[in-house]
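One structure is given here, and the rest of the page talks about it.
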Amino acid sequence: MKLSIKFCKTIFLPVLFSLWLVGCNQEPPPKTVIRPVLTQKVEIKENWRESTYAGEVKARYNMALGFRIGGKIVERFVEVGQVVAPGTLLARLDPQDSNLQLLNAQGGLEAAKAEKRKAELDLERYNKLFKQKMISAAEHLRFSNTLAIAEARYIQAEANLEVARNQSGYTHLYADEGGVIVSMNMEVGQVVVAGQTVVNVALPDEKEVVIAVAENRLNEVHNADEVKISLWANPNKFYRGKVREISPGADPVTRTYTVKISLLDKDPQIQLGMTTTVIIVQKEQGKVARLPLPSIYQKDDKPAVWVYSAQTSTVQLQPVEIQEYLFDAVLIRSGLKTGQIVVVAGVNKLHEGQQVRLMDND
């Protein structure tokens, strides 16, 4: 009997101890994790079609300035980007030839003046002789004509001197109006011809935005109901615009059409050369709901969205009809109602009736 009790203790005590250890190491069942989701409230609105373009702020009016005579540039007083006032000296040509022409014209005027004075004295003397009938009428007429020719040459010499003075002044290039230097095509030592453009000055009073539009998108620009413009430097502020001009021909390199849009709102923050975002808006028939592209879930090759129920905190799959896919959004023609809450991210990781929580409530 004592042997049996000892045998039982030897066999069962280790077994009980092992069972106790297993019970202590057993972990509790994992806690159910409720998935957070990003959502958006549905709004059924008029279908405004938007097309986005990148543009650049430019001046509507530019002055192309050049010297009125040819010559060699000896001084340049401005740089690109510099703001100039009316009458600012921009550059100067070598004045040597102009000064010589001026001296030549002055000498010509003095010669014509002396010739005119001599003809006047001759005619005065021959008038007395003609009255005394000591010369013929033909001789008297000859001296009268000589004076007329001398007077005409004097007038011509005066005009030549005035032209030479103007030419001397044309060696200096001034800004006709105030603006910003946007480009230059001149350097000291460069020889230019009369009328060659050497400086472009943009008049900053009236600005516009220039965009490039592909030929298959021209109708959107022609039929624009609204044009909105924002600066890349301040994308949250929009300015009103109006299509002013559409190029009649395509650029031979890019094959796009240049469109110029007038800025209807003035703001000192809008500077020449700034990059802009231009939104061309068109109103189309019908009403749609606009959602982000990641909100669409495909089931049996048909589009659907996950609709959140506030009563049960679960999601249900709702088939929808797509109006149009845009660059960063999708337009829903039917299947949704205003006020419904739709999951807009991570839709492929959800299942029917799954309990979720809104990230806005975290």
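Would you check which residues across segment 123-157 are in contact (Cβ under 8 Å) with a residue 24 or more places away in the chain and surrounded by 15 or more Cβ atoms within 10 Å (Cβ to Cβ) and list them? Don't jump to the end; show me each part of the working.
Of all residues in segment 123-157, those in contact (Cβ under 8 Å) with a residue 24 or more places away in the chain come to 123, 143, 146-147, 149-151, 153-154, 156-157.
Listed by number, the residues that qualify are L123, F143, T146, L147, A150, E151, R153, Y154, A157.
Does K266 qualify as being closer than 30 Å to G179 by Cα, assigned to a loop (DSSP other than H, G, I, E, B) and either among the basic types (K, R) or not assigned by TED's automatic domain parsing to the domain that holds S247 (or both)?
For K266, the condition - closer than 30 Å to G179 by Cα, assigned to a loop (DSSP other than H, G, I, E, B) and either among the basic types (K, R) or not assigned by TED's automatic domain parsing to the domain that holds S247 (or both) - is met.
Count, please, the residues in segment 41-90 that happen to be in a loop (DSSP other than H, G, I, E, B) and under 23 Å from the mean Cα position of the chain (by Cα).
4
Among the basic types (K, R) and in the same structural domain as F327 (by TED's automatic domain parsing), is that true of R290?
When the stated conditions are applied, R290 passes them.
Which of the following residues is among the β-branched types (V, I, T), within 30 Å of G273 (Cβ to Cβ) and surrounded by 12 or more Cβ atoms within 10 Å (Cβ to Cβ): V188, V210?
On the way: V188 fails: surrounded by 12 or more Cβ atoms within 10 Å (Cβ to Cβ).
Selected residue: V210, the only one of V188, V210 that is among the β-branched types (V, I, T), within 30 Å of G273 (Cβ to Cβ) and surrounded by 12 or more Cβ atoms within 10 Å (Cβ to Cβ).
Here is a list: V344, V278. Which entry is in contact with a helix residue (DSSP H, G or I) (Cβ under 7 Å, 6 or more places away or on another chain) and closer than 25 Å to N236 by Cα?
Selected residue: V344, the only one of V344, V278 that is in contact with a helix residue (DSSP H, G or I) (Cβ under 7 Å, 6 or more places away or on another chain) and closer than 25 Å to N236 by Cα.
Is it true that some residue in segment 224-239 is within 14 Å of the chain's Cα centre (by Cα), aromatic (F, W, Y) and either modelled with pLDDT under 90 or surrounded by 13 or more Cβ atoms within 10 Å (Cβ to Cβ) (or both)?
Checked against the condition, which is being within 14 Å of the chain's Cα centre (by Cα), aromatic (F, W, Y) and either modelled with pLDDT under 90 or surrounded by 13 or more Cβ atoms within 10 Å (Cβ to Cβ) (or both), segment 224-239 yields at least one hit.
Name, by its number, the condition in (1) touching a residue at least 24 places away in the same chain (Cβ under 8 Å); (2) exposed (fewer than 14 other Cβ atoms within 10 Å of the Cβ); (3) within 15 Å of T171 (Cβ to Cβ) that does not hold for V74.
So V74 meets the others, but not (2).
The values are calculated or read from the model by the stated rules, or taken from the named source; none is laboratory data. Just so you know, these numbers come straight off a predicted model, no measurement behind them. Reconstructed Cβ throughout: ideal geometry from the backbone, glycine too, with neighbour counts over all protein chains shown.
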